[in-house]
Structure formats: C-alpha cells, structure tokens
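Below is one structure, written out as structure tokens, with a few remarks after it.
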Amino acid sequence: MGKLDGRVVIVTGAARGQGEQEARLFAAEGAEVVVADVLDEQGAALAKELGALYVHLDVGREADWRSAVAVAEEAYGRVDGLVNNAGILRFNALVDTPLDEFLQVVQVNQVGCFLGVKTVAPLIAAAGGGTIVNTASYTGVTGMAAVGAYAATKHAVLGLTRVAALELASQGIRVNAVCPGAVDTAMSNPSLLDPEADVEETSRALDSLYRKLVPLGRIGRPEEVARLALFLTSEDSSYITGQPFVIDGGWLAGVSLI
Ligand code: NAD
C-alpha cells in the first residue's frame, strides 16, 4: 500500500529539482502524478519514465492553468492534490532591483501560487477533499539580503497558505507550506545545469560552505523536501492545516557561538 494510492496530484515546476523528487516519490507512493513545467522536454521525459502525465504550465498564466486542469481531469477524472512548487530566484539589492525583475518574481512565485489555489481548489473540493502544499522558503519567515523580491513573494506565499487553509477547510482541503533552507538544486547550485561541471565536487563545496552556517552541517537534498511534501499530502498530516514547515538543517534555530 502506498501513502498516496488513488490520489491524483499536480506538481508544478516538476521537471527538475525538488519538484522532480516530489513527482518521483509521489508516483512511488501510488499517486497519479501530473508533471507540470515550462521545461517541456525534461518534464515530458520524466513523466514518461514515471508513467505520469506531462502538461505545459506556466504558473503565472491563468489560461495555462485552465488547460492543464482540463487535461488532468480528462486523463484521470479528478484532481485531489496540488504541490505549488515552481519558483524563480533573482539576486539584487532592493534599491538596484528593476521593477520588471521584481514583478517577474511576483508573477511566478506569488501569482503562480494564487492561480494554483484558485484553479485547482474547486476540483479538489469536487473530489471530496484533498491537499495543497505551497512552496515558500526560509526566506518566507526571515529576511535575507540580496533576495528582496524573492523573500517578499515567499512571505506572501505563507499569507496565501493561511487564508486558503481557513477558507477551504470546510471543503475538506488542507493547505500547508514547506519552507526549505538551502537545497542542492539548480537554484542554489547552478553548476547542476552545466554539463561540463563536476557535480560531486560542487556539492561537496556547498556542503563545506554550509558546514559553517547550518547546525546539521550540510546543504539539504531535494529528496528530503519531497518527503516533507509527502507527509503534508498524505493522511499522516490529517489534522494539520494552515502551517509553515521549516526544513533547513537548523539554520533558523538561533544564533550559535560554538
Ligand atoms: P529549480 O530551479 O531546480 O526548479 C524550479 C522549477 O520550476 C524548474 O523546473 C523550472 O522550470 C520551474 N519553473 C520556473 N518558472 C516556472 C513557471 N513560470 N511555470 C512553471 N514552472 C516554472 O529549483 P528548486 O530548488 O527545485 O525550486 C523549487 C521550489 O523550491 C521553488 O519554489 C523555490 O523557490 C523553492 N526553494 C528552493 C530553495 C533552494 O535552495 N533550492 C530554497 C527554498 C525554497
């Protein structure tokens, strides 16, 4: 028995990184997974490998959401889970951030999450209830210099999560958020996108950087975030809604002098 047997779950930004690991784990736990992304080739290849469905979905575009859920409903007859995982990061000091760049980050991270809840919640309600997991960040619960647009959207995702939890509970829909610290994906480790790079070496270099910053002494792995998303999507979290879950190796636990 899988923890998600009989469930139909859309995962956005699932072509790589944390979304890919969520798609892999959810499929292994028995879910029909809808792999959604703008990286069509990678997303389609993953879906094929998993026996899942790929849909092109730019999360900032409402029309894309409408067609993605139509395709999912046609394939599986229902949708009862959503992981809003797609996100982008831009580095800039606030005073140097062009408005276009700020709005681009808002469009994907914040509007994307809003449109996901708005479009998919009615289907989940029609299926008799289910779960939504929004991907915020540790920068959704604290500040971080040089990522102002990103941190603002991730704070907003927590606000959306709490309001959605309040509004959707009566329809049997639980809504929670994951707040990862640094995780070894292309977002924190762009060398993963460079075919020439020595990936093991760059991961080791990141671990040694985070050894100094993070109590657990290393960068997080996307598989670890996927296990948290599974917990929040499965019955294991049946009495939990409206909450942010920090998964950061203890980075936010406090200041340490040792
Ligand atoms: P990643 O860059 O490897 O993956 C992001 C995925 O989102 C990619 O597949 C990308 O194509 C997709 N995407 C981007 N824009 C999209 C759009 N408009 N529509 C649909 N898909 C889109 O990085 P990741 O670490 O796997 O990121 C996953 C989530 O985790 C993001 O929301 C990110 O903000 C969050 N996060 C990451 C870290 C980290 O250190 N990696 C830390 C905290 C939170």
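The values are calculated or read from the model by the stated rules, or taken from the named source; none is laboratory data. Because the structure is a prediction, the values reported are computed rather than measured. Glycine also receives a Cβ, built like all others from the backbone with ideal geometry; neighbour counts cover every protein chain displayed.
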Answer yes if at least one residue in the range 21-31 is in contact with a Gly (Cβ under 8 Å, 6 or more places away or on another chain) and within 12 Å of the ligand (Cβ to nearest atom), and no otherwise. no
Helices (runs of 4 or more DSSP H) wholly inside the range 1-102 that include at least 2 residues being out of contact with any helix residue (DSSP H, G or I) (no Cβ under 9 Å at 6 or more places or on another chain), of a type outside the set (D, E, K, R) and surrounded by fewer than 17 Cβ atoms within 10 Å (Cβ to Cβ): 62-76
Tell me, please, whether a residue that is under 17 Å from the mean Cα position of the chain (by Cα) and at pLDDT 95 or above can be found in the range 206-216. no
Are any of the residues in the range 77-89 out of contact with any strand residue (DSSP E or B) (no Cβ under 7 Å at 6 or more places or on another chain), over 30 Å from GLY6 (Cα atoms) and more than 10 Å from the ligand (Cβ to nearest atom)? no
Residues of the range 131-163 being away from the ligand (no atom under 15 Å from the Cβ), more than 17 Å from the chain's Cα centre (by Cα) and touching a residue at least 40 places away in the same chain (Cβ under 8 Å), in sequence order, are ALA145
State whether the residues of the range 115-123 include one that is closer than 19 Å to ALA165 by Cβ, among the small types (Gly, Ala, Ser), outside any helix (DSSP H, G or I) and within 15 Å of the ligand (Cβ to nearest atom). no
Scan the helices (runs of 4 or more DSSP H) fully inside the range 130-245 and keep the ones with 2 or more residues being in contact with a strand residue (DSSP E or B) (Cβ under 6 Å, 6 or more places away or on another chain). 148-168, 222-233
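Residues are listed down the side, and each one gets a yes or a no for (1) of a type outside the set (A, V, I, L, M); (2) at pLDDT 95 or above:
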| residue | (1), (2) |
| --- | --- |
| ALA121 | no, yes |
| ILE124 | no, yes |
| ALA145 | no, yes |
| LYS154 | yes, yes |
| GLU167 | yes, yes |
| GLY172 | yes, yes |
| PRO195 | yes, no |
| GLU200 | yes, no |
Among the residues of the range 47-63, the number that are more than 10 Å from the ligand (Cβ to nearest atom), more than 19 Å from ARG78 (Cα to Cα) and within 17 Å of the chain's Cα centre (by Cα) is 0
Consider only pairs whose beta carbons are under 7 Å apart and that are at least six residues apart or on different chains; among these, list those whose first residue lies in the range 177-188 and is free of Cβ contacts under 8 Å to residues at least 60 places away in the same chain and whose second residue is part of a loop (DSSP other than H, G, I, E, B) and within 6 Å of the ligand (Cβ to nearest atom). SER188/ALA182
How many residues does the range 158-172 contain that are surrounded by 14 or more Cβ atoms within 10 Å (Cβ to Cβ) and either in contact with a Gly (Cβ under 6 Å, 6 or more places away or on another chain) or acidic (Asp, Glu) (or both)? 4
GLY2: passes all of (1) under 17 Å from the mean Cα position of the chain (by Cα); (2) over 21 Å from ALA121 (Cβ atoms) but (1)
